[in-house]
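K.L.:
What follows is a single structure, and I will ask about it in a moment.
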Amino acid sequence: MSKSVAVKPTPPSLAEPVIVSEFWANRRGESIRVQLRVFEGRTLVDMRKYFTDSAGKLQATKKGLALVIARLPEFARAITKALERPANSAWSRAAMSERRRLADRRACETFTLEAGGLSYIATTSRFDDGRLGEIFLTTHKAGSAADTAARDAAITCSLALQFGADIDTIRKALCRDGQGRASGPLGVALDLLAVSP
């Protein structure tokens, strides 16, 4: 009499990874690829960073995340929560891809300051919530190297603020002397704004 042996059914396997989505991560030729693949008999969702090699082909890196299919609903809920962040957190890093523009008609504040032995005039405007939205800097020597540098720095700072950069992070990153005092006009202006009511 022969014994019957139970044969465990083999789960269906993917012949090769199936690419679900792929998008560029940055301008350095790196992409994020989302694909389905099988590992040790389990179907996984694999999200991995790829880089472009010298031949122009995408190659996988070790940076990524692999989840079993059963965990996808939890992951989807986490993504949904991230997308539904409250409006007051729009200034987080996740929201820095959209520029927040100031109202066409807006109040401004003008004050004078000194930096490097030169006098500057600063003009600032704020968003409705009170956050600094733009700053302009000029000297009495229009067109001079100092005037151009100050204007360029202020414009760059304004754009960074409108894309969600934190003003304190910018302020603390600017050049300072051995006593911690701002060296340039933008740093001096932001320091003055930081202590003003």
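K.L.:
Assuming residue 59 fulfils every condition listed in (1) surrounded by 10 or more Cβ atoms within 10 Å (Cβ to Cβ); (2) modelled with pLDDT of 90 or more apart from one, which condition is it?
P.N.:
(1)
K.L.:
Go through region 107-138 and report how many residues are in contact (Cβ under 8 Å) with a residue 40 or more places away in the chain and of a type in the set (Val, Ile, Thr).
P.N.:
Adding up the residues that qualify gives 2.
K.L.:
State all residues of region 56-87 that are under 21 Å from the mean Cα position of the chain (by Cα) and charged (D, E, K, R); if no residue qualifies, say none.
P.N.:
63, 81, 84, 85
K.L.:
Is it the case that region 181-189 has a residue that's free of Cβ contacts under 8 Å to residues at least 60 places away in the same chain and of a type in the set (Ser, Thr, Tyr)?
P.N.:
No, every residue in region 181-189 fails to be free of Cβ contacts under 8 Å to residues at least 60 places away in the same chain and of a type in the set (Ser, Thr, Tyr).
Each row is one residue, and each column tells you yes or no for (1) farther than 23 Å from residue 99 by Cα; (2) touching a residue at least 24 places away in the same chain (Cβ under 8 Å); (3) surrounded by 15 or more Cβ atoms within 10 Å (Cβ to Cβ).
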position: 144; (1), (2), (3): yes, no, no
position: 151; (1), (2), (3): no, no, yes
position: 156; (1), (2), (3): no, no, no
position: 164; (1), (2), (3): no, yes, yes
position: 167; (1), (2), (3): no, yes, yes
position: 175; (1), (2), (3): yes, no, no
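K.L.:
Considering region 119-131 alone, what residues qualify as being crowded, with 18+ Cβ neighbours inside 10 Å and of a type in the set (A, V, I, L, M)?
P.N.:
Selection gives 122 alone.
K.L.:
I need the full set of residues from region 27-47 which are surrounded by 15 or more Cβ atoms within 10 Å (Cβ to Cβ) and out of contact with any Leu (no Cβ under 8 Å at 6 or more places or on another chain), in order please.
P.N.:
30, 32, 34, 35
K.L.:
Taking the condition of being surrounded by fewer than 14 Cβ atoms within 10 Å (Cβ to Cβ), part of a helix (DSSP H, G or I) and among the acidic types (Asp, Glu), how many residues in region 177-194 meet it?
P.N.:
0
K.L.:
Something else about it: Here is a list of conditions, (1) at pLDDT below 90; (2) assigned to a strand (DSSP E or B), and residue 15 meets all of them except one; can you say which number that is?
P.N.:
Going through (1) at pLDDT below 90; (2) assigned to a strand (DSSP E or B) one by one, residue 15 breaks only (2).
K.L.:
Residue by residue through region 17-55, note down the ones that are closer than 22 Å to residue 75 by Cα and acidic (Asp, Glu).
P.N.:
22, 40, 46
The values are calculated or read from the model by the stated rules, or taken from the named source; none is laboratory data. Since we're looking at a predicted model, the values are computed, not measured. Glycine gets a Cβ as well: all are built from the backbone with ideal geometry, and neighbour counts include every protein chain shown.
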